[in-house]
Amino acid sequence: MMGITRTRTRIAGALTAVTVLALAACGGGSTDAGGDDGGDDLIRVGFSQLGAESGWRTANTESVKASLSEENGFDLTFVDAQQKQENQIKALRDFIAQDVDVIAFSPVIETGWDEVLQEIKDSGIPVVLVDRTVDTTVEDPFVTWIGADFKQEGTTAGEWVAENAPDAKIFELQGTLGSGAQVDREEGFGEVVGDQIIGKASGNFTRAEGKTAVEAALQAYPDMTMIFTHNDDMGLGAIEAIEAAGKVPGEDIQIVSIDGVRDGLQALVDKKFNYVVECNPVFGDQLAELVTQVANGEDVPKETIVIDKAFDQTITQADVDARLY
């Protein structure tokens, strides 16, 4: 299991063991369940999602909204930060002003949270971190974290490369620099096959920026034979760039990805991806359980790890069609 501390206090972002967080293509603004009648019986939750940059994030948002519903006993205020930390910090301060029962958020990047986390701590509102991590000097800034083991995802990808393509010349397509997913996936992968990496660049977890980064990489690293991408959306952008250059993705340039969204696994079935490590976004029900326990003052584990799978080209179309996201 991944540790919560690294150098300073490291808040593991949240996509772990409480259950499924399904997403919806997050649009900004908030959704308040509740109302005047019976609202006092609901758990008031402020949730700040970092954005809607990928299919994974959309699935995660849908899971969270579905689980933290009024029918399930929650009054949810949901805010999409649109991948901007300043938007997220404003949302967190708004949650303090609303005096919600629990604050949950998926941080855009790891650093820069000290001031607002101290404000939340001073307010006495408990914090649940979701999916990503935070690096802060604030003592005990969160109650619990739920999410995936990002470093293990990178390690799993690296182990497949070491076994199946030990001579590959790898370009690493990184996510948003400074995010927990980017930092940990880079570390895990690099510890296994770091000597095979010939170049790196960020695609910011988006398909369009992934395509742009790979277009440049094809010029800068003409001997590249593999791309390790930190998420499926960037890998799908890489496919477009590779095909535009007259090469065959999955053959001329292999692609190893992390996420496991339906479009990514479809690329695996189509032999354009070679290996995909899952990062399960559907754990909203687990999150709802954790939030309820936290609101009731119950003891909860410091971290919950969401279990991930991995897929190679033996996956079938039926497997893809059966996916929930």
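The values are calculated or read from the model by the stated rules, or taken from the named source; none is laboratory data. This is a predicted model, so every value here is computed, not measured. Quick reminder, even Gly has a Cβ in these numbers, built from the backbone with ideal geometry, and neighbours come from all protein chains shown. Please note that ligands, DNA and RNA were not included when accessible areas were found on the heavy atoms of the full protein model with its side chains. Shrake-Rupley method; radii C 1.70, N 1.55, O 1.52, S 1.80 Å.
Please list the equivalent ellipsoid semi-axes of segment 227-325, computed as the square roots of five times the alpha-carbon gyration tensor eigenvalues, in descending order and whole angstrom.
One finds semi-axes of 35, 13, 10 Å for segment 227-325.
Taking Cα pairs under 8 Å and at least six residues apart, what relative contact order does the chain come out at, in percent?
23
Just check the chain against the gyration tensor rule for me: Cα atoms, a ≥ b ≥ c as the square roots of the eigenvalues, rounded for a/c under 1.5, and otherwise prolate or oblate depending on whether a/b exceeds b/c.
It comes out prolate by the Cα gyration axes.
Where nothing but the Cβ of Lys and Arg (+1) and of Asp and Glu (-1) is charged, how large is the charge dipole of the chain around its Cα centre, in debye to the nearest 20?
780
Order 169-180, 287-298 from most to least packed using the mean count of other Cβ atoms within 10 Å.
With the highest mean Cβ count within 10 Å placed first, the list reads 169-180, 287-298.
Per residue of segment 194-199, what does 6.51 cos²θ - 1.76 cosθ + 1.60 with θ = phi - 60° give for ³J(HN,Hα)? Whole Hz please, x for Gly and Pro, Karplus curve as stated.
Ordered by residue, 3J(HN,Hα) equals x, 6, 9, 7, 9, x Hz.
Within 10 Å, count the other beta carbons around each residue, average over each peptide in 79-88, 208-217, 148-157, and list them highest first.
148-157, 208-217, 79-88
So if I average 1/r over every pair of distinct C-alpha atoms in segment 212-254 and take the inverse, what Kirkwood radius in Å does that give?
Every distinct Cα pair counted, the radius reaches 10.1 Å.
Residue separation times 0.36 nm, minus the C-alpha to C-alpha distance between E86 and L177: what's the value?
Here the segment from E86 to L177 would lengthen by 31.1 nm.
What distance in nm lies between label points placed 7 Å from Cα along the C-beta direction at E159 and R323?
Rounded to a tenth, the inter-label distance reads 2.2 nm.
For segment 68-164, give the percent of accessible area contributed by carbon and sulfur heavy atoms, probe 1.4 Å, rounded to a whole number.
Using a 1.4 Å probe with all protein chains present, segment 68-164 comes out at 41 percent carbon and sulfur.
Rolling a 1.4 angstrom probe over the protein heavy atoms, how many square angstrom per residue are accessible across segment 116-266?
34
At 0.36 nm per residue, minus the direct Cα-Cα distance, what do D167 and T111 gain on full extension? Give it in nm, one decimal, please.
Net length gain for the segment: 16.6 nm.
Above 22 angstrom, tally the Cα pairs of segment 157-252 and express them as a % of all pairs, no decimals.
20
Between G210, L68, M224, whose Cα lies farthest towards the positive end of the dipole of the chain when Lys and Arg beta carbons carry +1 and Asp and Glu beta carbons carry -1, centred on the Cα centre?
Looking along the dipole axis, the top candidate is M224.
What residue among V161, F189, F171 has its Cα farthest toward the positive end of the dipole of segment 125-209, where the charges are +1 on Lys, Arg and -1 on Asp, Glu, each on the Cβ?
F171
Is it possible to state the helix-based mean residue ellipticity at 222 nm for the chain, with each DSSP H run of 4+ residues giving -39500 (n - 2.57), the sum divided by total residues, to the nearest 500 deg cm²/dmol? What is it?
That comes out to -11000 deg cm²/dmol.
Modelling each spin label as a point 7 Å along the Cα-to-Cβ direction, I'd like the E240/E187 distance in nm, to one decimal.
In this crude label model, E240 to E187 measures out at 3.3 nm.
Efficiency by 1/(1 + (r/R0)^6): what FRET value for V248 and N72, r their Cβ-Cβ distance, R0 = 35 Å, to the nearest 0.05?
0.15
Compute the distance in nm between two label points, each set 7 Å from the Cα along the Cα-to-Cβ direction, one at Y221 and one at A310.
Modelled inter-label distance: 2.0 nm.
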